[in-house]
1. Against the condition assigned by TED's automatic domain parsing to the domain that holds residue 261, surrounded by fewer than 17 Cβ atoms within 10 Å (Cβ to Cβ) and under 20 Å from residue 322 (Cβ atoms), how does residue 354 come out, does it pass?
2. In the list 455, 472, 449, which residue meets the criterion of being in the same structural domain as residue 197 (by TED's automatic domain parsing) and either outside any helix (DSSP H, G or I) or in contact (Cβ under 8 Å) with a residue 40 or more places away in the chain (or both)?
3. Could we say that residue 390 is surrounded by 20 or more Cβ atoms within 10 Å (Cβ to Cβ), without any contact (Cβ under 8 Å) to a residue 40 or more places away in the chain and more than 29 Å from the chain's Cα centre (by Cα) here?
4. Residue check, residue 169 against (1) modelled with pLDDT of 85 or more; (2) under 20 Å from residue 423 (Cα atoms); (3) in a loop (DSSP other than H, G, I, E, B), all met but one. Which one?
5. Could we say that residue 126 is over 23 Å from residue 466 (Cβ atoms), within 29 Å of the chain's Cα centre (by Cα) and in contact (Cβ under 8 Å) with a residue 24 or more places away in the chain here?
6. What are the pairs with Cβ atoms under 6 angstrom where one residue, in region 242-257, is at positive phi and the other, located anywhere, is in a helix (DSSP H, G or I) and surrounded by 24 or more Cβ atoms within 10 Å (Cβ to Cβ)? Sequence gap at least six, or different chains.
7. Checking residue 404 against (1) part of a helix (DSSP H, G or I); (2) without any contact (Cβ under 8 Å) to a residue 40 or more places away in the chain; (3) in contact with a strand residue (DSSP E or B) (Cβ under 6 Å, 6 or more places away or on another chain): exactly one of these is not met. Which one?
8. If you take the residues of region 338-352 that are within 19 Å of residue 384 (Cβ to Cβ) and in contact (Cβ under 8 Å) with a residue 60 or more places away in the chain, which of them is farthest from the chain's Cα centre (by Cα)?
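The values are calculated or read from the model by the stated rules, or taken from the named source; none is laboratory data. Small disclaimer: the values here were computed from a predicted structure and weren't measured. Don't worry about glycine lacking a Cβ; one is built from the backbone with ideal geometry, like all the others, and counts go over all protein chains shown.
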């Protein structure tokens, strides 16, 4: 970069080398490059924030920034300074606020600088392009949060909670996400990890060094510890599973034979014409998904094709997808045409519903009923049944309440952890491993097999907390983040 360049009006414009500011916190010895991205959503708004992180964050942001008062050298960390940011020819790009966060007291643990531009798309993009010209590189998805984890500012569970907060669909999900971000989930999981680690080390040491004088490891004592650990981990798992549903939404599959009113019910839920409704059976061929929040619980409503013997290859594809949604849903909402008698197809579907969480909605109550709760209970005697009219919107609120009750969540519960599906699966695997360890001891397989299973449980918790990780795991987690977070 030269010391000066000629501007569009012919004047000579000094170019300040980026290393001239905060030289003690920059230089070629840094292990990480300096990244930059727009940290706010696109579109018209009050402000658009361009964020940098890395050893030259402050120097790069200040290179083309001129404060309206004082000098660049007098700018202190965590102090906003108003000025103008210009391009390489000296032309102003925007009037901005500059703020610096010195390492390690920043979001990423590195030096972080922000330029607060006017909202919109052009000004922030031009400022970002100039920063790239000066030497910053584009941030990858989630790279700011990834650096915060790698620099020890947050653990991996807290890093994943950032996305929980951003994508929260209800007040309850937001509260649970914030609790996890503050470390509540990690603080409950770490003591369990430490106990499992201690037990694992004790077992392995007694097996590897039987001649040493170590604390006695009897099967009875290990079983007692494993039972206590399993009980504590089960409580965390249930709270995490509930929190994950708050995060992802409870999947509710609307199932039934054709022309019973599934699409009409979806429209009644949403109070808009989202799905096509006709008198012709088999209109719905693909899955229609919409999210509705009721009493703090996100309900992911899946309108499916009518389940029957298909009359063509296209309908067969729709029914295959309906059956897949039936299997994968958290709740199956069986929609029955109350104006007609039950059919063989209804009876076959009822037999599939019996062992799974479900509700029954008897639709078309605005017509004379030929199928009521008594007929349904001959097939599913323990089911919750709601009689309604999707056409008139009658019984819809009662059905929403029943769905939330069936899920069994108290949206005001302050114990739920808003965690990812990956974390829930790791907890489940850890529970399975502890159960396998108990089984090994109870069946006589020995402490060697138990120690292997306990080590597996420990590994699951370490992958949640970020005590054990690889680049592939981090790539999977942070690829779901936006560029500027």
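1. When the stated conditions are applied, residue 354 passes them.
2. Among 455, 472, 449, only 455 is in the same structural domain as residue 197 (by TED's automatic domain parsing) and either outside any helix (DSSP H, G or I) or in contact (Cβ under 8 Å) with a residue 40 or more places away in the chain (or both).
3. No; evaluated as a whole, the condition is false for this residue.
4. (1)
5. No.
6. 256/262
7. Single failed check for residue 404: (2).
8. Ranking the candidates gives 346 first.
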